[in-house]
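Undergrad: One structure coming up, written as structure tokens, with questions to follow.
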Amino acid sequence: MSANLVIVESPAKAKTIKKYLGPGFEVLASYGHVRDLVEKEGAVNPDRDFEMKYQLIDKNRPRVDAIERAMRKADALFLATDPDREGEAISWHLSEILRERGVLDGKDLRRVRFYEITKNAVRAALDNAEGLNDNLVNAQQARRALDYLVGFNLSPLLWRKIKPGLSAGRVQSVALRLICEREAEITHFTRQEYWTIEADAARDAARFPARLVEFRGEKVEVDTQQGRFTITGEAQAREVERAIIGAAGGFLTVDTVESKPRRRNPPPPFTTSTLQQEAARKLGFTARRTMQTAQRLYEAGFITYMRTDSVSLSDDAVAGIRDTIRTAFGEKALSDGVNVYRTKSKNAQEAHEAIRPTSAASLPQQSGRGFHDEDQRRLYALIWKRAVACQMAPAVFDTVAVDLVAGGRGATGTGRHVFRANGQTLLEPGFLAAYHEDHDEDETDVESEDEQRLPALEPGERVTLEAVRPEQHFTQPPPRYTEASLVKSLENHGIGRPSTYASIIETLRYRKYVEMSGRAFVPTDIAKIVSGFLVKYFETYVDYGFTALMEDVLDEISNGEKEWRPELARFWKPFSRQVAHIAKSVSREEVALSREIGRDPASGKPITVRMGQYGAFVQQGTRDDTEKPKFASLLPGQRMDEVSLEDALRLLSLPRALGQAPDGTPISVGRGQYGPYVKYGTKFASIKDDDPFTLTLARALEIVTAKQHADRERTILDFPEAGIQVLKGRYGPYVTDRKRNARVPKDRGPATLALEECVALLAAAPERGSRFGRRGAKKKAVETAPGNVAVAAVAAPVPRAKAKAPRKAAAVKAAPRTAAGKGRRAKE
């Protein structure tokens with residue numbers, strides 16, 4: 001066994017590093033974190049100075065055991081996990097476990113930090129190994145404790161006040177607030193009409209556009225940011241058009257020509273955040289896909305460490321990049337001197353360099369044989385181009401602005417109407433030869449790279465006015481957040497760490513807090529209610545400034561400027577009091593976001609839309625009425641704030657009696673847990689393609705006939721006197737009495753089963769409802785109202801949710817249900 005044991009996180013990283021070390025080193029992988037907080041209440045105990053209880057992660061137990069066995073035979077341990085808080089924590093946890101197992105006694109333990117996996121970097125890091133950084137470990141523990149305390153206390157509160165299965169998080173909930181507030185801006189946005197006056201001008205064969213900037217001696221305002229416009233209606237626009245045509249007499253006169261160069265500097269190399277943003281815009285990658293691909297590139301030795309806030313580059317890296325520029329683009333493409341970039345983030349840490357290729361000489365097209373998939377090739381090319389571009393010369397444009405007067409140049413005062421034509425020509429591509437940066441649609445200060453050529457014009461020269469075009473426009477609401485713009489906004493607010501954004505966004509998707517419209521996030525109804533609840537009752541803790549301040553505190557802990565336990569206490573005391581207060585003082589109905597949308601024309605009862613335990617629904621009447629209120633869940637895709645009275649009445653029209661079958665069996669149509677159905681007598685038939693709201697009796701009878709035929713086809717044996725059948729199922733034949741299902745043994749022919757054998761098989765089978773756990777009884781109770789689609793959760797007391805750690809709670813996924821309640825329908 002080797003005398004030196006090196007530990008990294010992943011087997012891919014271990015394989016790469018092993019190549020650079022001699023036979024005296026053994027390299028093993030921990031496969032990420034080796035232990036985490038226990039999955040129960042009390043994992044973080046504020047009453048015992050925030051004592052944290054850890055346990056081994058089951059899937060990594062064999063890895064830890066293998067590391068222990070190797071360590072017993074080794075003389076020294078080199079902990080080479082990632083050079084950030086999480087990596088430091090993994091190393092610390094592993095050292096604690098090995099120390100508890102008694103395998104570190106008398107042996108050397110060192111912490112190795114490198115930011116690129118190259119032979120020189122790894123060797124240099126081993127030669128300069130240090131001890132563990134307690135400040136980074138403390139900062140990670142503080143972050144983990146904070147996230148646990150927030151999620152563990154807020155998530156169960158959301159379960160009780162809104163619906164089970166919801167989650168809240170210290171950063172996640174702030175990100176959700178951003179999305180919901182942007183959606184509210186869009187909803188309440190009032191469009192403004194405005195008009196621009198365009199001119200089509202020509203000089204000889206060269207045609208070019210111009211826009212009216214001055215009318216009757218006054219500036220024509222078109223300011224969409226401030227909402228200031230000179231021309232706001234068609235009548236006014238037509239009046240301006242007539243006045244210009246009359247004054248111009250078919251031509252425009254060049255008044256002034258202003259030409260000047262414009263330089264555009266290259267952007268800095270990538271940080272974690274800007275890489276996620278640009279990969280989303282250019283490659284269509286999610287934040288998670290970007291980080292996973294970057295991780296593989298790093299572990300294979302292609303790029304430097306991908307979790308970084310820094311935009312600086314080492315001298316060696318700059319020299320290598322500049323040599324590559326000379327070879328690939330020529331000496332002229334180089335910047336005059338070294339371009340130096342300064343990190344804007346005040347707490348930039350976690351790595352000392354920007355994300356760059358480990359060797360700029362490894363061109364994307366030359367390195368392709370080493371990539372495992374197309375994602376790696378594309379992301380490496382993006383990183384390479386950005387890093388190379390940062391040391392290239394600025395792009396130089398020749399910009400021209402020409403003012404043209406309607407008619408002659410002598411016009412003044414109210415008789416002066418001025419158009420402006422803008423042109424731009426690229427003189428020196430500079431860094432644009434390697435890289436073009438993309439931008440979000442809400443960025444209004446981005447200079448265009450597009451060329452717009454104008455003919456050579458001189459003051460006093462006349463050009464032909466071919467047309468005057470009034471064009472109508474409307475102001476647009478702010479765009480919804482995409483992954484790129486959300487990541488940018490989170491970073492600008494100082495919320496969270498870029499390395500955590502991918503998991504935050506995935507959680508929002510998993511919890512169904514957001515849906516995607518193209519690449520844009522659209523908050524769901526439940527997201528709006530959760531965010532509204534947190535903003536109303538926990539405003540401090542989802543405040544952008546407060547969350548950013550907590551990040552600053554964590555950075556100060558990692559720098560050794562503050563102690564972590566006092567900071568946790570400062571947060572915990574007021575937070576825990578607020579949680580206890582809201583748990584007692586706020587009712588479910590206060591949170592349900594009930595909205596009255598009108599009254600039932602027949603009964604005069606109010607009709608409301610609200611959120612229930614199983615989703616959004618409409619309700620006719622109230623709990624105080626003599627008659628029980630009527631409920632109906634919303635259709636897929638319907639949103640609470642868009643439901644009209646007409647929509648609600650349509651939903652409440654089910655269940656609907658259609659008539660009788662020829663044998664007198666009553667036929668009705670409704671919606672239930674598994675979708676729309678036709679009910680005939682006490683049996684149900686699913687509706688696949690028909691609209692239940694317009695279904696006719698004739699069509700319903702066809703559906704029933706088809707269902708009866710299918711039932712006969714799948715029935716192997718029938719014992720009607722006992723209520724037992726042997727049926728063909730998706731996974732093979734089974735016995736059922738509608739309460740229990742039992743599989744037919746493989747050595748028995750299903751058609752030869754006797755009634756006694758069926759009874760015995762059913763006696764040994766669990767009740768069908770038991771697979772729902774504690775919800776089985778509740779499900780059964782809900783189904784006692786056949787055909788009634790929605791039974792509102794707010795109409796009955798809600799069982800208290802058992803408090804669980806947020807991480808555990810996050811794994812609980814409720815069985816699919818139809819919004820507010822259940823209509824009974826057979827599964828098969």
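The values are calculated or read from the model by the stated rules, or taken from the named source; none is laboratory data. Just so we're clear, the structure is a prediction, and the values are computed from it rather than from any experiment. Here the Cβ is made from the backbone with ideal geometry for all residues, glycine too, and neighbour counts use every protein chain on show. Just the protein is used for accessible areas: all its heavy atoms, side chains included, with ligands, DNA and RNA removed. Shrake-Rupley method; radii C 1.70, N 1.55, O 1.52, S 1.80 Å.
Undergrad: Give, as residue ranges, the helices (runs of 4 or more DSSP H) completely inside segment 225-326 that count at least 3 residues that are more than 30 Å from D555 (Cβ to Cβ) and free of Cβ contacts under 8 Å to residues at least 40 places away in the same chain.
TA: Working: elements: 234-248, 272-283, 287-299.
Qualifying helices (runs of 4 or more DSSP H): 234-248.
Undergrad: While we're here: Quick one: in segment 725-744, of everything that is in a strand (DSSP E or B) and β-branched (V, I, T), which residue is nearest to R768 (Cα to Cα)?
TA: Going through segment 725-744, the residues in a strand (DSSP E or B) turn out to be 725-729, 732-736, 740-743.
In the following step, the residues that additionally are β-branched (V, I, T) were identified as 726, 735-736.
Values: V726: 16, V735: 12, T736: 10 Å.
Here the answer is T736.
Undergrad: In segment 247-298, which residue that is more than 18 Å from the chain's Cα centre (by Cα) and small (G, A, S) is most open to solvent (accessible area, probe 1.4 Å)?
TA: Of all residues in segment 247-298, those more than 18 Å from the chain's Cα centre (by Cα) come to 247-271, 294-298.
Next cut, small (G, A, S) only: 247-250, 259, 294.
Details: A247: 45, A248: 1, G249: 59, G250: 40, S259: 74, A294: 0 Å².
Looking at the filtered set, the residue picked out is S259.
Undergrad: Select from segment 702-724 the residues that are in contact (Cβ under 8 Å) with a residue 12 or more places away in the chain and in a strand (DSSP E or B) and write down the one among them that is least open to solvent (accessible area, probe 1.4 Å).
TA: Only one residue tops the list, namely I724.
Undergrad: Could I ask something else about it? Take the residues in segment 352-370 that are more than 18 Å from A319 (Cα to Cα) and open to solvent by 20 Å² or more (accessible area, probe 1.4 Å); name whichever of them is modelled with the highest pLDDT. Give the steps one after another, and end with the answer.
TA: So the first thing to find is which residues in segment 352-370 are more than 18 Å from A319 (Cα to Cα), and the list is 364-370.
From what is left, the residues that are open to solvent by 20 Å² or more (accessible area, probe 1.4 Å) are 365-366, 368-370.
Details: Q365: 81, Q366: 73, G368: 53, R369: 61, G370: 77.
Selected residue: Q365.
Undergrad: Which of the residues spanning segment 611-627 are modelled with pLDDT of 90 or more and either surrounded by fewer than 16 Cβ atoms within 10 Å (Cβ to Cβ) or touching a Phe, Trp or Tyr at 6+ places or on another chain (Cβ under 9 Å) (or both)?
TA: Selection gives F617, V618, Q619, Q620.
Undergrad: Moving on to the next point. Just for helices (runs of 4 or more DSSP H) wholly inside segment 85-189: which have at least 3 residues that are on the phi < 0 side of the Ramachandran plot and under 33 Å from the mean Cα position of the chain (by Cα)?
TA: Numbers: elements: 85-100, 119-127, 134-161, 172-187.
Passing ranges, in order: 85-100, 134-161, 172-187.
Undergrad: Same structure again: Name the residues in segment 114-123 that are closer than 15 Å to L5 by Cα and open to solvent by 20 Å² or more (accessible area, probe 1.4 Å), would you?
TA: Taking segment 114-123 first, the residues closer than 15 Å to L5 by Cα are 122-123.
Once the filter is applied, which keeps residues that are closer than 15 Å to L5 by Cα and open to solvent by 20 Å² or more (accessible area, probe 1.4 Å), segment 114-123 yields only R123.
Undergrad: If you check every pair at least six apart or on different chains, which have Cβ atoms under 8 Å apart with a residue in segment 173-190 that is more than 21 Å from S503 (Cα to Cα) first and a residue that is of a type in the set (A, V, I, L, M, F, W, C) and open to solvent by 10 Å² or more (accessible area, probe 1.4 Å) second?
TA: Going by the 8 Å Cβ cut-off, the qualifying pairs are E183/V522.
Undergrad: Additional query: Has segment 196-206 got at least one residue that is surrounded by fewer than 17 Cβ atoms within 10 Å (Cβ to Cβ), without any contact (Cβ under 8 Å) to a residue 60 or more places away in the chain and either within 30 Å of A333 (Cα to Cα) or out of contact with any Asp or Glu (no Cβ under 6 Å at 6 or more places or on another chain) (or both)?
TA: Yes: segment 196-206 contains one or more residues that are surrounded by fewer than 17 Cβ atoms within 10 Å (Cβ to Cβ), without any contact (Cβ under 8 Å) to a residue 60 or more places away in the chain and either within 30 Å of A333 (Cα to Cα) or out of contact with any Asp or Glu (no Cβ under 6 Å at 6 or more places or on another chain) (or both).
Undergrad: If I ask for residues that are open to solvent by 30 Å² or more (accessible area, probe 1.4 Å) and outside any helix (DSSP H, G or I), which ones from segment 37-51 would you list? Steps first, please.
TA: Residues of segment 37-51 that are open to solvent by 30 Å² or more (accessible area, probe 1.4 Å), as a first pass: 39-41, 45-49, 51.
Of everything in segment 37-51, those that are open to solvent by 30 Å² or more (accessible area, probe 1.4 Å) and outside any helix (DSSP H, G or I) turn out to be E39, K40, E41, N45, D49, E51.
Undergrad: Now a separate question. Among the residues of segment 686-701, how many are out of contact with any Ser or Thr (no Cβ under 9 Å at 6 or more places or on another chain) and either of a type in the set (K, R) or not in a loop (DSSP other than H, G, I, E, B) (or both)?
TA: The qualifying residues number 6.
Residues checked against (1) touching a helix residue (DSSP H, G or I) at 6+ places or on another chain (Cβ under 9 Å); (2) of a type in the set (S, T, N, Q); (3) open to solvent by 10 Å² or more (accessible area, probe 1.4 Å); (4) touching a residue at least 60 places away in the same chain (Cβ under 8 Å):
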| position | (1), (2), (3), (4) |
| --- | --- |
| D65 | no, no, yes, no |
| A70 | no, no, no, yes |
| K73 | no, no, yes, yes |
| L79 | yes, no, no, yes |
| G87 | yes, no, no, yes |
| W92 | yes, no, yes, no |
| R101 | yes, no, yes, no |
| L104 | yes, no, yes, no |
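Undergrad: For segment 52-77, give me the residue count where each residue is assigned to a strand (DSSP E or B) and over 33 Å from the mean Cα position of the chain (by Cα). I'd like the intermediate steps shown before the answer.
TA: The initial filter retains those residues of segment 52-77 that are assigned to a strand (DSSP E or B), namely 52, 54-56, 76-77.
Narrowing the set further to residues that are over 33 Å from the mean Cα position of the chain (by Cα) leaves 76-77.
Summing the residues that are assigned to a strand (DSSP E or B) and over 33 Å from the mean Cα position of the chain (by Cα) in segment 52-77 gives 2.
Undergrad: Could you tell me whether any residue of segment 147-170 is basic (K, R) and at pLDDT 95 or above? Write out each step before concluding.
TA: We begin by selecting, within segment 147-170, every residue basic (K, R); these are 160-161, 163, 170.
The next check asks that each one be at pLDDT 95 or above; those that pass are none.
No, segment 147-170 contains no residue that is basic (K, R) and at pLDDT 95 or above.
Undergrad: Let me ask something else. Across segment 183-195, what is the total count of residues that are surrounded by fewer than 17 Cβ atoms within 10 Å (Cβ to Cβ) and either closer than 27 Å to L404 by Cβ or acidic (D, E) (or both)?
TA: Pass one, segment 183-195, residues surrounded by fewer than 17 Cβ atoms within 10 Å (Cβ to Cβ): 184-193.
Now restrict to residues that are either closer than 27 Å to L404 by Cβ or acidic (D, E) (or both): 185, 193.
Total meeting the criteria: 2.
Undergrad: Additional query: Here are the criteria: (1) modelled with pLDDT under 95; (2) open to solvent by less than 30 Å² (accessible area, probe 1.4 Å); (3) among the β-branched types (V, I, T). Tell me which single one V418 does not satisfy.
TA: Every condition holds for V418 apart from (1).
Undergrad: Continuing with the same structure: Using the structure shown, decide if I7 is under 19 Å from R307 (Cβ atoms), of a type in the set (A, V, I, L, M, F, W, C), modelled with pLDDT of 95 or more and open to solvent by less than 20 Å² (accessible area, probe 1.4 Å). Even if it seems obvious, please write down each step before you answer.
TA: Numbers: under 19 Å from R307 (Cβ atoms): yes; of a type in the set (A, V, I, L, M, F, W, C): yes; modelled with pLDDT of 95 or more: yes; open to solvent by less than 20 Å² (accessible area, probe 1.4 Å): yes.
Here the answer is yes, as I7 does meet what is asked.
Undergrad: Taking segment 725-740 as the search range and keeping residues that are of a type in the set (K, R) and touching a Pro at 6+ places or on another chain (Cβ under 9 Å), which one is surrounded by the fewest Cβ atoms within 10 Å (Cβ to Cβ)?
TA: Here is the first cut: in segment 725-740, the ones of a type in the set (K, R) are 728, 730, 738-740.
Okay, now just the ones that are also touching a Pro at 6+ places or on another chain (Cβ under 9 Å), so 728, 740.
Numbers: K728: 13, R740: 19.
Filtering segment 725-740 for residues that are of a type in the set (K, R) and touching a Pro at 6+ places or on another chain (Cβ under 9 Å), the one surrounded by the fewest Cβ atoms within 10 Å (Cβ to Cβ) comes out as K728.
Undergrad: If the Cβ limit is 7 Å and pairs must be 6+ apart or interchain, which residue in segment 116-144 that is closer than 19 Å to E96 by Cα pairs with which residue that is among the β-branched types (V, I, T) and surrounded by 13 or more Cβ atoms within 10 Å (Cβ to Cβ)?
TA: Listed pairs, sorted by first residue: A129/V112; N135/I557; N138/I557; A139/I557; A142/I557.
Here is a yes/no grid of residues against (1) modelled with pLDDT of 95 or more; (2) of a type in the set (G, A, S); (3) open to solvent by 70 Å² or more (accessible area, probe 1.4 Å); (4) part of a strand (DSSP E or B):
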residue: T414; (1), (2), (3), (4): no, no, yes, no
residue: Q424; (1), (2), (3), (4): no, no, no, yes
residue: E443; (1), (2), (3), (4): no, no, no, no
residue: E449; (1), (2), (3), (4): no, no, no, no
residue: L465; (1), (2), (3), (4): yes, no, no, yes
residue: R469; (1), (2), (3), (4): yes, no, yes, yes
residue: Q472; (1), (2), (3), (4): yes, no, yes, yes
